[in-house]
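Below: one structure, written as structure tokens.
No value in this document is a laboratory result; all are computed from the given coordinates. What you are looking at is a predicted structure, and each value in this text was computed from that prediction instead of being measured. Methodologically, a virtual Cβ is constructed for each residue, glycine included, from the backbone with ideal geometry; neighbour enumeration extends over all protein chains shown.
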Amino acid sequence: MENGKGKAIATAISFLLVVVFIAVTIGIVLKYTNGGNESFKTFYVQYGGEKILSTDTKKRLKLNDGQWYYFEVNYPLDVGNKESPRDYTVKIVPNEKADFRFTADGKIYQWSGVSEDLSQYFGLQKKADSFTLFVKEGTGLKTILQDVYAEKMVSTPSLSEIDSEYLYTLIVSSYNEKITYRIELAIEQKPENGDEGDGDRPVEPPNEEEQAKDYTITYEIAYSFDDTPIAVELPTKARTGETVEFTAIPERRYEDYGVWAEVYDKASGEFLYYATTKSYGHCSFEMPACNAHLKIYHV
């Protein structure tokens, strides 16, 4: 009788284990198939906490100069191979969907015909499992083409004439190029008066009550290469619209590694914008009308 009861318990446990295994398997499949809408992805790109799993992605990203943009790449089936992960390729080229004509010394060229890799103009830095972009101040279509066609007089149409500001394509491919992701990029253009803009959306100035109120500032080290300690000097309070300057200096400095930060609304957890990087470990941001929380990265 006891032997039969033991077998029943063992059978029940085995059944539960099978159910759990099936549920976990389905969860993994859904996670890496874009909710079941794509084939299983053995390679993906992640930006801002979002996994990009569709090779037909319509994702667009607008870049501001003086800010770092951090991307992660991952092979989810490469378990136990962290010391030497599989390679990948990443580059930035003209967006053929936003084609237009321009001239260099009077000769007509087509944007889609520019074969040069434009990665250097976006400060692309590639690492084993991640890469970063950093656009230098003043970078734009005219400066890029002027450098590509050195010693020639370049004339380009305006963005309104092109009818698109997403002139560049970020291409990330797996080691065997069987999986490729394309993200359209634009460089945020500053208004002629030098003030920062936010696309076509007008920026409402803070009211007097918000300007007079002190909001708190907190931070966390979200990631530091090789777990390097970082000395952070950051004000604990600031008023809305005030420029907050701070330093985040790693104990050890590594070549090709930089420091950057993301600014969040502390209450809601909503991502607001990136802090501006002035030089290595020296950053600043405009205080929002809320308590701010910074995530600092050393990558």
Next item on the list: Compute the signed sum of charges (Lys and Arg +1, Asp and Glu -1) over the other residues within less than 9 Å, Cβ to Cβ, of residue 98.
Entry: -4
Checklist line | Net charge of Cβ neighbours under 11 Å - reference residue 46; Lys, Arg +1; Asp, Glu -1 | finding: -2
Note to self: If I model a spin label at residue 101 and residue 57 as a point 7 Å from the Cα along the Cα→Cβ vector, what separation in nanometres do I get?
What the structure shows: 3.5
Notebook entry, point to check: Ordered by residue, what ³J(HN,Hα) values in Hz, to whole numbers, does the stretch 88-93 give under the Karplus form 6.51 cos²θ - 1.76 cosθ + 1.60, where θ = phi - 60° and Gly and Pro are x?
Noted result: 7, 10, 8, 7, 10, 10
Checklist line | Fully extended contour minus Cα-Cα distance, from residue 252 to residue 164, at 0.36 nm per residue | finding: 27.4 nm
Check: With Cβ to Cβ distances under 14 Å as the rule, what net charge do the other residues near residue 177 carry (K, R +1; D, E -1)?
Finding: +3
Checklist line | Modelled FRET efficiency - R0 22 Å, residue 272 with residue 72, Cβ distances, 0.05 increments | finding: 0.60
Next item on the list: Hand me the tally of lysine pairs in the stretch 65-179: alpha carbons under 18 angstrom apart, and the pair either on different chains or 8 or more positions apart.
Entry: 10
Note to self: At a 10 angstrom cut-off on C-beta neighbours, averaged per residue, how do the peptides 222-229, 68-75, 114-121, 92-99 rank from highest to lowest?
What the structure shows: 68-75, 92-99, 114-121, 222-229
